[in-house]
Amino acid sequence: MTDEQIVERLKRQGEKLLEYLVFEIDGEVVSFVLLKWHGKETHPEYPDLEDLFTREDKRGKGYASALIKECENLVKEKGHKKIGLAANPDLNENARRLYEHLCYKHDGKKSYIDGIYNGVEDWVVDLEKEI
Ligand SMILES: CC(C)(COP(=O)(O)OP(=O)(O)OC[C@H]1O[C@@H](n2cnc3c(N)ncnc32)[C@H](O)[C@@H]1OP(=O)(O)O)[C@@H](O)C(=O)NCCC(=O)NCCS
């Protein structure tokens, strides 16, 4: 992420357009996710989840699932009927399985490049869930 992107993100966080949900144990962050209330370019009509991450030694204990479910609750409380996220279904087996179990479904549209990280294109598809 570039410095400009970080500054933009902090600005939007201040405006409450996005927020980080963080799972902490004994004061240490073990898992986090970014909830973008204004959605993403391909789906601005409903909120979007991004940057889901759990520390490697804490995976498989339900932290990411708990954060996603909390986001779904917050989004539902605000009256939205859907929530979405983008994922690379081929490269990221852990994430793919997790989203499948949480009932996120492909929106039926083509994959696209979400960004280029360390020179590698990040191809993703959009997944969504009715809540
Ligand atoms: C994808 C990622 C966020 C998952 O985080 P996690 O905290 O391990 O996720 P969970 O523990 O909630 O779920 C993982 C699995 O553990 C299982 N699980 C949940 N609670 C559990 C528990 N108490 N005990 C054992 N297993 C459990 C879940 O059922 C899930 O299994 P499934 O994948 O077969 O559905 C993590 O692997 C990660 O950070 N990867 C790198 C970054 C990344 O790929 N992010 C996603 C970008 S799209």
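The values are calculated or read from the model by the stated rules, or taken from the named source; none is laboratory data. Just so it is clear, the model here is predicted, and its values are computed rather than measured. Neighbour counts are summed over all protein chains in view; Cβ atoms, including those assigned to glycine, are modelled from backbone coordinates with ideal geometry.
Computed values, structure above
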read-out	value
In the stretch 67-87, residue farthest from the ligand (Cβ to nearest atom) [restricted to those that are surrounded by fewer than 16 Cβ atoms within 10 Å (Cβ to Cβ) and not in a helix (DSSP H, G or I)]	Gly79
Top-ranked residue in the stretch 115-131 [being of a type outside the set (A, V, I, L, M, F, W, C) and modelled with pLDDT under 90; ranked as nearest to the ligand (Cβ to nearest atom)]	Asp122
Checklist (1) away from the ligand (no atom under 13 Å from the Cβ); (2) acidic (Asp, Glu); (3) surrounded by 13 or more Cβ atoms within 10 Å (Cβ to Cβ) applied to Glu45, failing item	(3)
Among residues of the stretch 1-44, those that are more than 16 Å from Cys71 (Cα to Cα), among the charged types (D, E, K, R) and either under 12 Å from the mean Cα position of the chain (by Cα) or not in a strand (DSSP E or B) (or both), counted	9
Ala64 being modelled with pLDDT under 95 and either away from the ligand (no atom under 12 Å from the Cβ) or part of a helix (DSSP H, G or I) (or both)	no
Answer residue from the stretch 104-131, given it is surrounded by 12 or more Cβ atoms within 10 Å (Cβ to Cβ) and hydrophobic (A, V, I, L, M, F, W, C) and is nearest to the chain's Cα centre (by Cα) among those	Leu127
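Results for (1) of a type in the set (D, E, K, R); (2) out of contact with any His (no Cβ under 8 Å at 6 or more places or on another chain), shown as yes or no for each residue.
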| position | (1), (2) |
| --- | --- |
| Leu18 | no, no |
| Ser31 | no, yes |
| Tyr46 | no, no |
| Glu50 | yes, yes |
| Arg55 | yes, yes |
| Cys71 | no, yes |
| Lys76 | yes, yes |
| Asn92 | no, yes |
| Leu102 | no, yes |
